[in-house]
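Following: one structure in C-alpha cells, then a few remarks.
Every number in this text was worked out from the coordinates using simple rules, so none of it is lab data. As the structure is a prediction and not an experimental result, all values here were calculated from the model. When we count neighbours, we look across all protein chains shown, and the Cβ atoms used for this are built from the backbone with ideal geometry, even at glycine.
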Amino acid sequence: MEQTGNTLHRQTGCRFVEPPLYDVVMHNDDVTTMDFVVGILKGIFRKGEAEAEAIMLKVHHEGSAVCGTYYKDIARSKADLATETARANGFPLKLSIQKTT
C-alpha cells in the first residue's frame, strides 16, 4: 500500500475492461411506413429529423442501417422497444443487435 496525504492506495493489479458495444440494426420491409420509421428513430433512438431521415433512406435503399451503438443491455432494450412499438401499430419492423467490430 502507498499513502498519499491522507489517502491510502492499494495496488491490486486489476484492470477495468470496457464492455463491448453493440449496433442496433434496422431492417427494411415492404409494409412499415417511412414516417413511422422516422418517428421510431427520433423517439427511441433520439435522432434529429435530418439524421432520422438519412437513416430511414439508407434502410430503404440498402436494406438495413445502424440506428445506434450501445452497451448490450441498452441495445437489446431499444431494439425490443422499437419492435414492440411497431407491432402495437401493426408494422412488421425488424431490428437486430450485432457486436461491433
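If you filter the range 24-53 down to residues that are over 16 Å from the mean Cα position of the chain (by Cα) and without any contact (Cβ under 8 Å) to a residue 24 or more places away in the chain, you find that the one that is surrounded by the fewest Cβ atoms within 10 Å (Cβ to Cβ) is Asp30. Of all residues in the range 58-101, which are in a loop (DSSP other than H, G, I, E, B), out of contact with any strand residue (DSSP E or B) (no Cβ under 9 Å at 6 or more places or on another chain) and under 24 Å from Pro20 (Cα atoms)? The answer is Thr101, and nothing else.
Would you confirm whether or not the range 20-39 contains a residue that is over 14 Å from Leu95 (Cα atoms), out of contact with any Cys (no Cβ under 8 Å at 6 or more places or on another chain) and in a strand (DSSP E or B)? Yes, some residue in the range 20-39 is over 14 Å from Leu95 (Cα atoms), out of contact with any Cys (no Cβ under 8 Å at 6 or more places or on another chain) and in a strand (DSSP E or B). For the range 67-95, give me the residue count where each residue is surrounded by fewer than 15 Cβ atoms within 10 Å (Cβ to Cβ) and either under 12 Å from Val25 (Cβ atoms) or touching a helix residue (DSSP H, G or I) at 6+ places or on another chain (Cβ under 8 Å) (or both). Summing the residues that are surrounded by fewer than 15 Cβ atoms within 10 Å (Cβ to Cβ) and either under 12 Å from Val25 (Cβ atoms) or touching a helix residue (DSSP H, G or I) at 6+ places or on another chain (Cβ under 8 Å) (or both) in the range 67-95 gives 3.
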